[in-house]
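**Student:** Handing you this structure, nothing more for now.
The values are calculated or read from the model by the stated rules, or taken from the named source; none is laboratory data. Keep in mind it's a predicted model, so treat the numbers as computed, not measured. Quick reminder, even Gly has a Cβ in these numbers, built from the backbone with ideal geometry, and neighbours come from all protein chains shown.
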Amino acid sequence: MLRRLIISIAVSSALGISFCPTDASARRTRAAVADDVPSWDQTASCRAAASIAYGQTPSERLTSCLASEQRTREELTKNWSTFPAADRNGCVKSLSFSPTYTELLTCLEMRRDVKNLRDAKPADTKPQR
């Protein structure tokens with residue numbers, strides 16, 4: 001359930017849908033986004049997600065969420081330079097309220113995949129006999 005919530009939030013963010021006012025901390029990190037992965041405090045996002053999820057205690061859910069976000073940030077750090085600067089900037093700018101690394105990675109992967117699909121040759125649509 002938590003994973004579905006995170007994915008739906010990420011998709012909304014990637015599509016530029018904002019449900020809340022812009023968060024000041026997100027605005028501050030946009031300037032240097034092309035060089036490094038932004039540094040965001042994930043506690044508020046994880047606490048909110050942990051409060052509505054089920055299956056573990058709230059404390060276990062919070063710990064699990066924070067660990068997942070840390071792993072995702074490490075993956076972003078490792079692969080940051082492989083994403084075009086325009087995509088990095090665009091994705092960070094699309095995350096307006098309490099951004100997460102999961103949302104950021106999802107946005108970058110979606111932009112990469114869409115570009116790859118657009119650049120791919122069209123498949124042969126003639127039926128084979």
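**Student:** I'd like the residue in segment 91-127 that is free of Cβ contacts under 8 Å to residues at least 12 places away in the same chain and of a type in the set (Asp, Glu) and, out of all such residues, is nearest to Asp35 (Cα to Cα).
**Tutor:** Taking the candidates together, the pick is Glu109.
**Student:** Given the conditions (1) modelled with pLDDT of 95 or more; (2) of a type outside the set (Lys, Arg); (3) closer than 21 Å to Ser45 by Cβ, report the number of the one that Ser94 does not fulfil.
**Tutor:** (1)
**Student:** Would you please name the residue that is modelled with the lowest pLDDT, looking only at residues in segment 28-56 that are surrounded by 17 or more Cβ atoms within 10 Å (Cβ to Cβ) and over 22 Å from Thr77 (Cα atoms)?
**Tutor:** The extreme case among them is Ala53.
**Student:** Follow-up. State the number of residues belonging to segment 31-71 that are part of a helix (DSSP H, G or I), out of contact with any Asp or Glu (no Cβ under 8 Å at 6 or more places or on another chain) and within 12 Å of Pro99 (Cβ to Cβ).
**Tutor:** 2
**Student:** Have a look at Arg88, Arg71 and point out the one that is closer than 13 Å to Pro38 by Cβ, among the basic types (Lys, Arg) and either under 13 Å from the mean Cα position of the chain (by Cα) or at pLDDT 95 or above (or both).
**Tutor:** Numbers: Arg71 fails: closer than 13 Å to Pro38 by Cβ.
Exactly one residue qualifies, and that residue is Arg88.
**Student:** Mind telling me which of the residues Ser25, Ser8 ends up being at pLDDT below 80, surrounded by 14 or more Cβ atoms within 10 Å (Cβ to Cβ) and in a helix (DSSP H, G or I)?
**Tutor:** Step by step, each of Ser25, Ser8 is checked, and only Ser25 is at pLDDT below 80, surrounded by 14 or more Cβ atoms within 10 Å (Cβ to Cβ) and in a helix (DSSP H, G or I).
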